[in-house]
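I have placed the structure first, in the form of structure tokens, so that the comments after it can refer back to it.
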Amino acid sequence: MRQLNWRFDHGKPVIIATLLFLVTVIVYLESDLFTADEAVAFGTLFLALITAITVYNTQRQTEYMRKEVEFMRRPRLSLHHETIDGGAGHLVFENTGQVPIEATIRLSLAPVRDTGSDDPILDDEIPYEDLPDSIKVYKGGAGDWRKHTEFLEPGQKKKYIIGMLGHEIAARDDGYELEEFHWLRVDGELTSNLYEGDTRQLQRLYHYSIEDSDVIFSSYSFSEAQSR
């Protein structure tokens, strides 16, 4: 609908120029206000005006379509929890865009009851590199998520058993259990393999707990988490 409206609005100058040309022809045929040479000059001028407007409209439409394609094909990644019968489920990374992507993912984990509103994990202005090493996920069999990279085709998913975060909690030896609520922060970058330099920053915050293979998992904004 936006495209149709755009074409209509920018087609008005062409219609106006055409009407003026027709009026000029009618005036020439019905009166002696100007000579044949002057009528030809007016016609040439109106033709040049119509051509210029048409070229301008074509260029604008081409630019509009180019931006529309770029928007549709920007790199996108969905992060969510997927339940399974008889288990805690998976942490899922899914390419929901239209282009292959390279996703660099970094995870941080901190217990909710030991976290204040000014804690670094809840501050999206603090980059991952400046977060304390004590909350970065890289221990206990969960893998080193300090710079984890995935290559995903459109529609492709990569799943990780969410229980891996329990191994991280156990390896820290800080006294927290699985049933404790934790903040899971995801920092990353999405790079399109089709458009050089097309990279998007990624920041997400999740609130989760695991108890008897039952997972409570929800997404929070950083401001919501700070206000809790």
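Every number in this text was worked out from the coordinates using simple rules, so none of it is lab data. Everything numeric here is computed off the predicted structure, so don't read it as measured data. In this analysis, Cβ positions are derived from the backbone assuming ideal geometry, glycine residues included, and neighbour counts consider all displayed protein chains.
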Task: Qualifying aspartates and glutamates (Cα of each under 12 Å from Cα of K159; at least 8 residues distant if same chain) - done: E82, E94, E150
Task: Magnitude of the charge dipole, region 87-141, Cβ model with Lys/Arg +1 and Asp/Glu -1, debye to 20 - done: 400 debye
Task: Gain in span if fully extended, Q98 to L47, counting 0.36 nm per residue against the direct Cα distance - done: 14.1 nm
Task: Cα gyration tensor, region 65-196 - rounded (a/c under 1.5), prolate or oblate - done: prolate
- [ ] Can you grab the distance from the C-alpha centre of region 72-114 to the C-alpha centre of region 141-208, Å, no decimals?
- [x] 7 Å
Open item on the list: Among T96, G116, L47, whose Cα projects farthest towards the positive end of the dipole of region 41-126, with charges put on the beta-carbon of Lys, Arg (+1) and Asp, Glu (-1)?
Closed with: L47
TODO: For region 127-228, just say rounded, prolate or oblate: build the C-alpha gyration tensor, square-root its eigenvalues into a ≥ b ≥ c, call rounded for a/c under 1.5, and beyond that prolate if a/b exceeds b/c, oblate if not.
DONE: prolate
